[in-house]
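Read-outs throughout are calculated quantities, based only on the coordinates presented, and are distinct from any laboratory measurement. Everything quoted here is computed from the prediction, not taken from an experiment. Every residue, glycine as well, gets a Cβ built from its backbone with ideal geometry; the counts of neighbours run over all protein chains shown.
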Amino acid sequence: MYEQITRNKWRSFFLILFFLGLIFALSWAFGELTGWGPQGLILAAVIAVPMTFGSYYASDKIVLAISRAKPVQKIDYPYLYNVVEGLAIAAGLPKPRCYVIDDTAPNAFASGRNPKNSVIVVTTGLLQKLNRAELEGVLAHEMSHIKNRDVLVQTLAVVMVGVVALLSDWILRTFIWGRGRKRSRGKSSGNAAAIFVVIALVLAILSPLIAQLLKLSISRKREFLADANGALLTRYPPGLASALKKLSEDKEPLEAANKATAHMYIVNPLKDIKGKVNKLFSTHPPIEDRIAALEKM
Amino acid sequence: MIVLWILIIIGVGFVLLAVGIYNGLITLRNRANNAWAQVDVQLRRRYDLIPNLMETVRGYAKHEREVFQKVTEARSKAMDAESVKEQEKAENMLTGALKSLFAVAENYPDLKASQNFMMLQEELAGTEGKIAYARQFYNDTVMKFNTKQQVFPSNIIADMFGFKEKEYFEIEEPAAREPVSVKF
């Protein structure tokens, strides 16, 4: 359990580091090509951050509105309330607000910019189809997302994807529209300049794709981390494993979800994953792998 | 001259590190103390729920005097318990008495169907869960404190300022590890 937690924490850390490295490589290339220096990176950050910041700050409200979730009172769902409250005690967090989506497809998610402003949402399908141990496992996974600040991590990843997209775009534009003042500074030799130009071009074309893959890889590691932390909260990995098995067998897609919100649910609500290439582009690890990891604890 | 400055900077660095470690130990110790107190909050909630539960059951099954007495006695003992050991023993008895109470309720289908009873049953089950989670969280905070108290270099500061290792919440009586039997 602890090993899996440490391993996934390090992996997501290194992925983010690699991501930053990519950004610096791009901004350096951009600087060399146009003679702008670090202004390119600063400008890209200045554009990407505010665009993403709004959605981060209001992440709980936005996500609730999109998914048509309804707030619940303790009287309506005492079972859910007690489980969430118990897990909040175990995690040392303030209790998140509880919401319910009226849909028979079983699923759940958590959102919010920090633990004080967090929400946990479940579908009525989930409440009906899972037993107590399984429900605790799923909710513990969601609580771990809140504790690990995964909304913040995802936002960072999105900002970085945005920065990469902007820088790559600008590099390609300098090629199309001419190279700017850098020529006059004079690089060492014609050959070195040509190679550099090719590298910069390849980087600019591939980076947006690499950035997306990095963002998705980070998302998958955080999912494994939430599974492991959730197991630590309940001290009962089989609960979540059993829940995941049940969820994987349920073929019904969740109506309230779409591509924009799919990554936050505990299992992919769109149910359209098949094939190896799809695995790379998936926000969640394959369920068999998640169950195997839980069974190893 | 420069050597002197370097030594001063290193010295200040060490002092700052020591202060950081000391403050960290204080923080972790306070978290553990707080976590212990929070367990009492949940225990209190259980004590407060029980009279309500008994009244509801008495409404339907007033002749089951024995089991009512058991629950009342166990509850007072648990509330009066002084030491951790005493409390643990009393808590165990209370859990057993409550289980007997619920077993008795099985014979009264009207009681089982009543909204009040079902709500109280759920509340109690939830509270039992929260007590367990609160104890688990206490043990987690103790682990973090003990680790910091033992690893190098914070163990030096811990020894200097008298930070003692904390005890986990553990089951003292081997009997408590046996499943609770329900007697009618």
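Note on segment A:97-154: Cα convex hull, mean projected area over all directions, 3.8 nm². Couplings for segment A:104-118, taken from phi via the Karplus curve 6.51 cos²θ - 1.76 cosθ + 1.60 with θ = phi - 60°, read 6, 5, x, 6, 7, 8, 10, 8, x, 6, 7, x, 5, 10, 9 Hz in order; Gly and Pro are left as x. Under a model in which nothing but the beta-carbon of Lys, Arg (+1) and Asp, Glu (-1) is charged, the protein assembly as shown shows a dipole of about 2100 debye around its Cα centre. In summary, the aspartates and glutamates within cross-link reach of B:LYS77, defined as a Cα separation below 19 angstrom excluding same-chain residues under 8 places away, comprise B:ASP40, B:ASP48, B:GLU66, B:GLU86, B:GLU88, B:GLU91, B:GLU128, B:GLU172, B:GLU173. Of the GluC sites (Glu not before Pro) found in segment B:84-133, those that fall in a DSSP loop while having at most 10 other beta-carbon atoms within 10 Å are B:GLU106. Remark: mean inter-chain Cβ contacts per residue of B:131-139 equal 4, using a 10 Å Cβ-Cβ cutoff to other protein chain atoms. Projection of the Cα convex hull of the protein assembly as shown, averaged over all directions and equal to a quarter of that hull's surface, yields 31.8 nm². Taking the DSSP bridge list for the protein assembly as shown and keeping only pairs wholly inside it, about 60 percent are antiparallel.
Of interest is the spacing of the C-alpha centroids, which for segment A:87-101 and segment B:89-113 amounts to 29 Å.
The angle between the Cα long axis of helix B:115-150 and the main principal axis of chain B comes to about 20°, on a 0 to 90 degree scale. For segment A:1-98, the Kirkwood estimate of hydrodynamic radius, built from reciprocal distances between every pair of different alpha carbons, is 18.0 Å. Considering only B:VAL41, B:GLY59, B:ALA90, the residue lying farthest towards the positive end of the dipole of segment B:1-94 is B:GLY59, judged by Cα position with unit charges set on Cβ. Over the residues of the protein assembly as shown, the helix contribution to mean residue ellipticity at 222 nm works out to -24500 deg cm²/dmol, using -39500 (n - 2.57) for each DSSP H run of at least 4. Please determine, in degrees from 0 to 90 and to the nearest 10, the orientation of helix B:2-60 with respect to the longest principal axis defined by the Cα atoms of chain B, where the helix direction is its Cα long axis. The two axes meet at around 0 degrees. Under the membrane-span-like helix rule (DSSP H runs whose alpha carbons stretch at least 30 Å along the helix axis, mean Kyte-Doolittle hydropathy -0.5 or higher), chain A yields A:2-34, A:150-177, A:190-234.
Kirkwood hydrodynamic radius computed over segment B:2-177 comes to 19.5 Å, based on all pairs of distinct alpha carbons. Distance between the pseudo-spin-label points of A:ALA192 and B:ASN155 (7 Å out from Cα toward the beta carbon): 5.4 nm.
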